[in-house]
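The values are calculated or read from the model by the stated rules, or taken from the named source; none is laboratory data. Quick caveat, the model's predicted, so the values are computed rather than measured. All Cβ positions, glycine included, derive from the backbone under ideal geometry; neighbour counts span all protein chains shown. Just the protein is used for accessible areas: all its heavy atoms, side chains included, with ligands, DNA and RNA removed. Shrake-Rupley method; radii C 1.70, N 1.55, O 1.52, S 1.80 Å.
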Amino acid sequence: MTRINTRILLEQLCKQVLTVQMKAENRFGNHPAAALLHAPVPGSWSAMQCLDHLNSYGKFYLPALDKAITRAIEEGSSPGEVFSPSWIGAKFTRMMQPGPDGALSSRMKSPKDHRPVIQPDAEMVLPEFIRQQETLIALLQLAEKVDIQKVKVTTSLSRFIRMSAGDTFSFLTAHINRHVLQAEKAIRAFRPVNEAV
């Protein structure tokens with residue numbers, strides 16, 4: 001697996017999350033509810049369904065990361081200079097991360113407990129998503145104090161499956177990038193009624 005300087009990795013992830021946060025604040029927030037709730041084709045997700053899906057993962061992973069990092073700080077963990085992704089962490093991240101051209105390497109079915117509601121409330125979902133990005137940035141900064149290779153985080157797949165904090169941050173950020181891209185495409189596909197002819 002490719003080794004990377006830990007500080008560089010955390011800075012890169014932080015920049016990606018900040019970019020997503022700015023998109024949510026400046027782009028998504030400037031569209032009418034009809035655009036945010038528009039599904040491009042039957043069975044596809046609207047922009048708000050994409051964010052609602054991401055919020056469900058954030059509700060699980062952000063407290064889990066906070067708990068693991070806080071405990072590591074209390075136990076005297078010190079930063080590792082280099083991070084090496086595990087094979088499963090690298091695989092999950094690669095599966096989720098859009099390519100440079102925005103293409104997705106694979107399609108996958110969302111677990112039942114992370115599927116969005118049919119008509120999310122944009123006034124609740126969007127602010128929650130922005131708050132979660134702020135929290136994720138704060139956790140990435142806090143993680144500079146610990147060894148993200150050794151700090152382990154429970155996954156949403158099973159409490160018996162754990163990944164390093166570094167793998168968890170990488171996967172989570174790639175997953176966010178994937179669905180924010182999907183949300184942007186859904187918004188671009190929207191045509192107001194007076195333009196729909």
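Odds and ends about this structure:
- Look at the range 1-19: where a residue is at pLDDT below 95 and a partner is crowded, with 20+ Cβ neighbours inside 10 Å and assigned to a strand (DSSP E or B), sitting 6+ places away or on another chain with Cβ atoms under 9 Å, you get R3/F83; I4/F83.
- Enumeration of residues in the range 31-86 that are of a type in the set (V, I, T) and surrounded by 13 or more Cβ atoms within 10 Å (Cβ to Cβ): I69, T70, I73
For every residue, the table says whether it meets (1) of a type in the set (A, V, I, L, M, F, W, C); (2) part of a loop (DSSP other than H, G, I, E, B); (3) within 29 Å of A186 (Cα to Cα).
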residue: T2; (1), (2), (3): no, yes, no
residue: L18; (1), (2), (3): yes, no, yes
residue: A24; (1), (2), (3): yes, no, yes
residue: G29; (1), (2), (3): no, no, yes
residue: G43; (1), (2), (3): no, yes, yes
residue: L62; (1), (2), (3): yes, no, yes
residue: A68; (1), (2), (3): yes, no, no
residue: M95; (1), (2), (3): yes, no, yes
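- Put simply, of E128, E134, E144 the only residue that is modelled with pLDDT of 80 or more, open to solvent by 20 Å² or more (accessible area, probe 1.4 Å), within 25 Å of S44 (Cα to Cα) and not polar (S, T, N, Q) is E128.
- Total residues in the range 153-166, condition exposed (fewer than 15 other Cβ atoms within 10 Å of the Cβ) and either of a type in the set (A, V, I, L, M) or under 15 Å from E75 (Cβ atoms) (or both): 2
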